[in-house]
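Read through the structure below, which is laid out as structure tokens, and then see the notes.
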Amino acid sequence: MSTSSKLIEPSKYVTPHQAYEQLASASPVEKMELVLRLIEAHPEGRLALPVRGSVGCILDGINLSGPALESRGQDLASAPWWDAARCGVCLRRADLRGVGLSMANLQGADLAESDLRQALLRGANLQNAHLEETNLHGTDLAGADLRGAVLGGADLTGAMFEDADLQGASLRFVHGTGVVFETANLQGADLWGAKLQGAVLVGANLQKAVLAEADLRGADLTGADLREAVLVQADLRGTRLRGADLRGATLTRANFEDADFKDAKLQGLVLLDCNLTHVHINGAAIDKTQFQREQLGDAIGEDLAGKHEDARRAYLALERHFTELGDSDAVSWAYRKRRRMRKRAALQDAKAARARRDWRGAASAYGTFIADQLTELLSDYGESAPRVLYCMLGVYVLFLLIYAATGSVVRVTYTPTGEVIRTPTHNLADLAVFTLFSMITSAQPPVGLLPANEYARLFTGVQALLGMVLTGLLGFVMGNRMRR
């Protein structure tokens, strides 16, 4: 006896489990007939084929498209499974938990408010299907055709959409964590208000997609194509956008805090009202991109993560970018940050070289670190005139105290007979004048004040040398700031 001869009578409702064995061995056409009979037999006109134990119902390859149903020659007006408005099958509120629908044709189907948890719809045709408020928790839709489908408010927690085609689909206010859209086609899709934290959109095509007010915190958009996408007020905190293409995107008031833009294409974007605090930007193309230094916060992401070499390269790119914009203060900030990253990278290299007993490499790296540290302390890498002045003041006070403590300054007087009298002086005014003149190498020694001995002459020579170096450094810093 054929499977079709054993179909359930439409007037008699039975549990769907009685049809499972028939469905497992039926052809796609026989599956369609049996499913329609099950809907007709259900008291509420619904399809209920939930997973039984650990085994789901098999409906692979079933064709429930509008043309297939119309070709049966039946009067469709009174059929509970027919949606005359959409000219497609009505499976609203269906229970299809764990069902196998791989390669099924559900084009134009109404699956709104259905339960498709853990269902398998790989390669299924769901063009223009309606899946509003549908539970797709853990559903496998890899390679499915969802062009023009409507999934508004659906639960996509853990759903799999790898390589799926959602071009022009509506996913407004969908929600769920861990959804996978890897290499999916979402060109022109509407994801307004979607809440998809931690979503995987690696390599996805999101050209001209609408992601306004979407919550994509922690999502992975590595290599995604976001050209001309709309991300107005989108929450992209901590999002991974490595290698992503955002050229032409609308990013008004988007939140990119802690986002990773490594190697991303950001040319020509207007980011002036975006939150760019602590973003990772090493390798990103930022030609003609508009943003201000203050938007980056106190440091970029690579800096805070301890990736000193990546941070150094990123600050160099920012330095060049701000130079093109003519923002001298931002250039100074990026330059000083870059030098600090070089210093910290040198210290890391020194420790690594020491660990592998490369003493020459360690000495070279330590030398770079010490030189940069001194430059930072003295002048903040040539950017701070006040710091140089403070150093000069520190040297002045230090030597004044040395002269006072060691009795290195003597006051010279002459008797009427011409005899020279050298008297050590601890007078503060005498010491202050002597220290000042010792620091100004071009000035004549003050009258009546001389070094007490050879050690005192050594002190004055060292002070004069430091004064000369610091005076030259002050001139360099002032000239550097004036040029900017």
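Just so it is clear, none of the values below were taken in a lab; they were calculated from the coordinates. Quick caveat, the model's predicted, so the values are computed rather than measured. Because the Cβ atoms are built from the backbone with ideal geometry, glycine has one as well, and the counts that use them run over all protein chains shown.
How big is region 346-437 by Rg and Dmax over its Cα atoms, in Å?
22.5, 74
Please report the base-10 log of the normalised intensity I(q)/I(0) for region 385-483, using a Debye sum with one equal scatterer per alpha carbon and no solvent, at each q in 0.21, 0.24 (1/Å).
Listed by q, the Debye log ratios stand at -1.01, -1.21.
Going by amide H atoms built from the backbone, whose H comes under 5 Å of the H on D190, apart from near neighbours?
Hits under the 5 Å cutoff: A169, S170, L171, V210.
Per residue of region 246-252, in order, report the coupling 6.51 cos²θ - 1.76 cosθ + 1.60 (Karplus, θ = phi - 60°) as ³J(HN,Hα) in whole Hz, putting x for Gly and Pro.
10, 4, x, 6, 9, 10, 4
Using Cα-Cα distances under 8 Å and only pairs 6 or more residues apart, what relative contact order does region 385-483 have, in percent?
Values: 109 pairs, mean separation 31.5, N = 99.
Reported relative contact order: 32 percent.
Mind putting together the pair-distance distribution for region 307-381? All Cα pairs, 5 Å bins, whole percent per bin, short to long.
3, 18, 21, 19, 17, 11, 6, 3, 1, 0
From the helices alone, meaning DSSP H stretches of at least four residues, give me the mean residue ellipticity at 222 nm for the chain, per-run term -39500 (n - 2.57), in deg cm²/dmol to the nearest 500. Show your work: numbers first, answer last.
Working: 10 runs with 160 residues, N = 484.
-11000 deg cm²/dmol, from helical runs alone.
Pairs K208/K262; K265/K343; K195/K288; K262/K343; K195/K307: which exceed 24 Å Cα-Cα? Numbers along the way, then the final one.
Working: K208/K262 22 Å; K265/K343 29 Å; K195/K288 32 Å; K262/K343 22 Å; K195/K307 31 Å.
Among K208/K262; K265/K343; K195/K288; K262/K343; K195/K307, the Cα-Cα distance tops 24 Å for K265/K343; K195/K288; K195/K307.
Projected onto the charge dipole of the chain (+1 at Lys/Arg Cβ, -1 at Asp/Glu Cβ, origin at the Cα centre), which of A19, Q292, Q107 gives the Cα projection farthest towards the positive end?
Farthest towards the positive pole: Q292.
I'd like the Karplus ³J(HN,Hα) series for region 200-206: coefficients 6.51, -1.76, 1.60, θ = phi - 60°, whole numbers in Hz, and an x wherever there's a Gly or Pro.
9, 10, 4, x, 6, 9, 10
Taking amide H positions as placed in the peptide plane 1.01 Å from N, state which residues far from G88 in sequence (5 or more) or on other chains have amide H under 5 Å from it.
Those lying under 5 Å, H to H, from G88 are D83.
Rank these for me by crowding, H137, H130, going from fewest to most other beta carbons within 10 Å. List each step's numbers first, then the result.
Values: H137 19, H130 25.
By the 10 Å Cβ count, ascending: H137, H130.
Given charges of +1 on the Cβ of Lys and Arg and -1 on the Cβ of Asp and Glu, with all other atoms neutral, how large is the dipole of the chain about its Cα centre, in debye to the nearest 20? Can you show the working numbers first?
On the way: 52 positive and 56 negative charges, 460 e Å.
That gives a dipole near 2220 debye.
Tally Lys and Arg at +1 and Asp and Glu at -1 over the other residues with C-beta under 10 Å from the C-beta of A159: what net charge comes out?
Values: positive: R117; negative: D140, D155.
Here the count lands on -1.
Name the residues of region 227-248 whose amide N is less than 17 Å from a point 7 angstrom out from the Cα of E324 along the C-beta direction?
Flagged as within label range: 246-248.
Need the C-alpha centroid separation for region 142-198 versus region 249-281, integer Å.
Centre-to-centre (Cα) distance: 23 Å.
Quick one: what does P(r) look like for region 368-411 with 5 Å bins over all Cα pairs, in whole %?
All Cα pairs, binned at 5 Å, distribute as 5, 21, 18, 16, 13, 10, 10, 4, 1 percent.
Take every Cα pair under 8 Å in the chain that's 6+ residues apart, average their separations, divide by the length, and report that relative contact order as a whole percent. Intermediate values should be presented prior to the final figure.
Details: 1217 pairs, mean separation 23.6, N = 484.
With pairs under 8 Å counted, the relative contact order is 5 percent.
Taking θ as phi - 60°, what are the ³J(HN,Hα) couplings along region 169-183 by the Karplus curve (6.51, -1.76, 1.60), each to the nearest whole Hz, with x for Gly and Pro?
6, 9, 10, 4, 6, 5, 8, x, 9, x, 5, 10, 10, 4, 6
Just tell me which aspartates and glutamates come within less than 17 Å, Cα to Cα, of K31; anything on the same chain fewer than 8 places away is out.
E9, E21, E40, D60, E70, D95
Starting from the coordinates of the alpha-carbon atoms of the chain, obtain the Kirkwood hydrodynamic radius over all distinct pairs and give the value in Å to one decimal. Let's see the in-between values first.
Details: mean 1/r = 0.0350 Å⁻¹.
About 28.6 Å for the chain.
List the residues, sorted by chain then number, that are 5 or more residues from A129 or on another chain and whose placed amide H is less than 5 Å from its amide H.
G108, A109, A149, V150
Quick one, could you list the DSSP H helices from the chain stretching 24 Å or more along their long axis (Cα atoms) with average Kyte-Doolittle hydropathy of 0.0 or above?
Values: long enough: 308-325 (25 Å, -0.91); 328-355 (41 Å, -1.19); 359-379 (30 Å, 0.23); 385-406 (32 Å, 1.71); 454-483 (43 Å, 0.72).
Sorted by number, the helices that extend far enough and score high enough are 359-379, 385-406, 454-483.
In whole angstrom, how far apart do the alpha carbon centroids of region 59-115 and region 373-407 sit?
84
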